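S.K.: Take this structure, written in C-alpha cells, and hold onto it; I'll ask about it next.
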Amino acid sequence: MSFAENLQFLRKQKEITQEQLAEILEVSRQSVSKWESAQSYPEMEKLLQICSLFHCNMDTLMQGDVSKTFAKDNYGYDKQKNQFNKWVSAGIGFIILGISVIEFLTGAGMSEEFALVIFFIMLIVAVMIFVVMGMQMEHFMQRHPVIEDFYSEEERDQAYRKFTVRIACLCGVSKRKI
C-alpha cells in the first residue's frame, strides 16, 4: 500500500474525518486531502505526528501495509491461549497448594503419610489438567497450523510485561507459602 492508502485506512479506522485529522495535525483539510490522493506528502514533523497518533512506525506508514496491524483473530487464538494459560496456572496452583497442605497438615500433627496422599491427589489433578490442556492446544494447532500475526508490537510488549509480573507474583506467593 502507498502512504496515501495507508493514511486513508488509518483515518477511517479511527473514524475521524479529514477535517478532524487536519485540526489534530494543525494543517488545512486540503493538505490532508492532497496527502490521501497522493498529490503531495507531509513534512517530516507531520509524519512523526501521524505515526504517534495512529501508533504505527514510519516504514509501515510509508511503504508497508498498515491494514495488517488491524488483522482480526479469526480462529479464536486469543480465547484458546487464555483458556490454556488459565488452566495451566490452575495446575501449578494445585501443586503449590499441595505443598502448602503437606506443611500445614504435618505442622498440625497429622501423619506425614496422610499429608503425602493429599499432595499426590492434588499432583494427579494438576498432571491431568496439563495433559488435557496440552492435548487441546495440540488439536487447535493442528486445525490451524498457520495463524496470521494480528498483534501490534505495542500489544506484544504489553502482554510480555503482564506475563513477567504474573510470573514474579506467582513465584513470590509460592516462596511465601513454602
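The values are calculated or read from the model by the stated rules, or taken from the named source; none is laboratory data. Quick caveat, the model's predicted, so the values are computed rather than measured. Reconstructed Cβ throughout: ideal geometry from the backbone, glycine too, with neighbour counts over all protein chains shown.
S.K.: Residues that are out of contact with any strand residue (DSSP E or B) (no Cβ under 9 Å at 6 or more places or on another chain), surrounded by 12 or more Cβ atoms within 10 Å (Cβ to Cβ) and at pLDDT 90 or above: find the helices (runs of 4 or more DSSP H) completely inside the range 28-140 holding 3 or more of those. Even if it seems obvious, please write down each step before you answer.
M.R.: Details: elements: 29-36, 44-54, 58-63, 77-107.
By residue number, 29-36, 44-54, 77-107.
S.K.: Next up: All but one of (1) touching a residue at least 24 places away in the same chain (Cβ under 8 Å); (2) of a type in the set (G, A, S); (3) closer than 30 Å to S52 by Cα hold for A90; which doesn't?
M.R.: Every condition holds for A90 apart from (3).
S.K.: Condition test on R11, is it closer than 21 Å to S152 by Cβ, surrounded by 13 or more Cβ atoms within 10 Å (Cβ to Cβ) and charged (D, E, K, R)?
M.R.: Details: closer than 21 Å to S152 by Cβ: yes; surrounded by 13 or more Cβ atoms within 10 Å (Cβ to Cβ): yes; charged (D, E, K, R): yes.
Spelling it out, R11 is indeed closer than 21 Å to S152 by Cβ, surrounded by 13 or more Cβ atoms within 10 Å (Cβ to Cβ) and charged (D, E, K, R).
S.K.: Any residue in the range 37-58 that is hydrophobic (A, V, I, L, M, F, W, C) and in contact with an Asp or Glu (Cβ under 9 Å, 6 or more places away or on another chain)? Lay out the reasoning, then the answer.
M.R.: Step one: of the range 37-58, the residues hydrophobic (A, V, I, L, M, F, W, C) are 38, 44, 47-48, 50-51, 53-54, 56, 58.
Narrowing further to those that are in contact with an Asp or Glu (Cβ under 9 Å, 6 or more places away or on another chain): 38.
Within the range 37-58, one or more residues are hydrophobic (A, V, I, L, M, F, W, C) and in contact with an Asp or Glu (Cβ under 9 Å, 6 or more places away or on another chain).
S.K.: For Y77, which of the numbered conditions (1) without any contact (Cβ under 8 Å) to a residue 60 or more places away in the chain; (2) under 30 Å from F9 (Cβ atoms) fails to hold?
M.R.: Failing condition for Y77: (1).
S.K.: Let me ask another. Of the residues that make up the range 45-58, is at least one of a type in the set (V, I, T) and more than 25 Å from E155 (Cα to Cα)? Break it down stepwise before answering.
M.R.: Here is the first cut: in the range 45-58, the ones of a type in the set (V, I, T) are 50.
Still in the list and also more than 25 Å from E155 (Cα to Cα): none.
There is no residue in the range 45-58 that is of a type in the set (V, I, T) and more than 25 Å from E155 (Cα to Cα).
S.K.: Using beta carbons and a limit of 7 Å, which pairs, at least six apart or on different chains, have the first residue in the range 24-44 and touching a residue at least 12 places away in the same chain (Cβ under 8 Å) and more than 16 Å from E5 (Cα to Cα) and the second one surrounded by 11 or more Cβ atoms within 10 Å (Cβ to Cβ) and among the polar types (S, T, N, Q)?
M.R.: Final answer for the pair search is L25/Q49.
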